[in-house]
Amino acid sequence: MTARLGLGLAAVGRPAYITSGRAHDLPRDRSPAALEVRAHELLDTAYQLGIRHLDTARSYGRAEEFLANWLHENPDHHDLTVASKWGYTYTADWRMDAKAHEVKDHSIRAFERQVGETRSLLGPLLDLYQIHSVTPDSPALNDKALHHRLAELAADGVLIGLSTSGPRQSDTIRTALAITVDGEPLFRSFQTTWNLLEPSAGDALAEAHASGRLVVVKEALANGRLVDPSSDEPTAAPLRRLANDLGVTTDAVALAVALRQPWADVVLSGAVTPAQLARNVRATALEAEFWQADFPTSAESAEQYWRLRSERPWT
Ligand SMILES: NC(=O)c1ccc[n+]([C@@H]2O[C@H](COP(=O)([O-])OP(=O)(O)OC[C@H]3O[C@@H](n4cnc5c(N)ncnc54)[C@H](OP(=O)(O)O)[C@@H]3O)[C@@H](O)[C@H]2O)c1
């Protein structure tokens, strides 16, 4: 069964982020009011196109607030999965040139502060709460008191998960898969970067899926690197050729590769315009003819991929 598309709000909840063509694709006015209008346009388009999984985070500026307002303006939209994250705090104060746009803290104190903030905005509409960007050295993986607090939130009906980052995502996934509270697995969902340039976590995600966890793919377009029209990266030309042959755009091909992974349940779109999102959704219709085609596989080393990602400018 093909995975479903979801919508992530990382690129529209705050004035600066690391995706490629923001100067071209976002409004010149990056005020909270202007970005909320864009976020609501994306959410309306997503709902009309059948997207039902929505992903945000405390650190995405005011994205949780934008989402909460949209949910309250659309009380009939019951069939949604609303996911958020804690563990990164937004620190840019709406500045484009902030030294640090977000700071990581996986302590139980940060959890208590941020779950209160998320609940005050999303209340009972929160379905999935994830620790943001866990790496193998995160204290959250060994913090028993935190695990018990998360299990209490799970008992309240919220699915507990985590998102992974960095060159050792597989190690984080396998460590977290083994964590239990009172004999029950704690982490029921894994949100992980997987794309044509960085497919290294595939096997670990297959293990998570096989053990009944919800697998969510993020950065399927490598923050726009895979669709950047000016790109001369090794994947660019074959991806463009294949997209041409199939009569779609490169984003649809790259997303379709992720959607077709047998262990993927949800693949997040990071589109920032309704037109981008409409093109992304074409990925779900790419059927058999896609599989006959030989698509480009030029993965980078995970170290290379994450080093290049860490050097991407916030614009
Ligand atoms: N650590 C974590 O937990 C974490 C980290 C990253 C992302 N995420 C989640 O994953 C979601 C997606 O990640 P992402 O936005 O970073 O990366 P992505 O999906 O790999 O890239 C999205 C970017 O690709 C470009 N794009 C998308 N569709 C396009 C189209 N049809 N035509 C041309 N360009 C197109 C847009 O960039 P431009 O318009 O700017 O060119 C867009 O912002 C996020 O919103 C968030 O929910 C989570």
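Per-structure values
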| quantity | calculated |
| --- | --- |
| Asp203 accessible area, assembled protein chains, probe 1.4 Å, Å² | 110 Å² |
| Neighbour net charge for Thr235 - beta-carbon separation under 12 angstrom, K R +1, D E -1 | -2 |
| Carbon + sulfur, % of accessible area of the range 185-262 - ligands and nucleic acids excluded, 1.4 Å | 52 percent |
| Cα gyration tensor of the range 24-115 - equivalent ellipsoid semi-axes, whole Å, descending | 24, 19, 10 |
| Max mean-square fluctuation residue, GNM over the chain, Cα-Cα springs under 10 Å, options Leu49, Leu286, Leu162 | Leu49 |
| Kirkwood Rh and Cα Rg combined as Rg/Rh, the chain | 0.94 |
| Extension gain (nm, one decimal) between Arg28 and Arg260, 0.36 nm per residue minus Cα-Cα | 79.9 nm |
| Cleavage-rule hits (trypsin sites (Lys or Arg not before Pro)) in the range 20-65: DSSP loop, at most 12 neighbouring Cβ within 10 angstrom | Arg28 |
| Size of charge dipole - the range 156-203 - debye, nearest 20, with Cβ of Lys, Arg +1 and Asp, Glu -1, no other charges | 120 debye |
| Alpha-carbon centroids, the range 177-228 and the range 140-158: separation in whole Å | 20 Å |
| The chain - percent relative contact order, Cα under 8 Å, separation 6 or more | 22 percent |
| Sequence-separation-based contact order of the range 2-45, relative, with Cα cut under 8 Å and 6+ spacing, percent | 42 percent |
| Fully extended contour minus Cα-Cα distance, from Thr180 to Asp105, at 0.36 nm per residue | 24.8 nm |
| For the chain: accessible area per residue (Å², 1.4 Å) | 42 Å² |
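The values are calculated or read from the model by the stated rules, or taken from the named source; none is laboratory data. What you are looking at is a predicted structure, and each value in this text was computed from that prediction instead of being measured. Heads up, the Cβs are rebuilt from the backbone with ideal geometry, glycines too, and the neighbour counts pull from every protein chain shown. We work out accessible area using only protein heavy atoms, side chains counted, and drop any ligands, DNA or RNA first. Shrake-Rupley method; radii C 1.70, N 1.55, O 1.52, S 1.80 Å.
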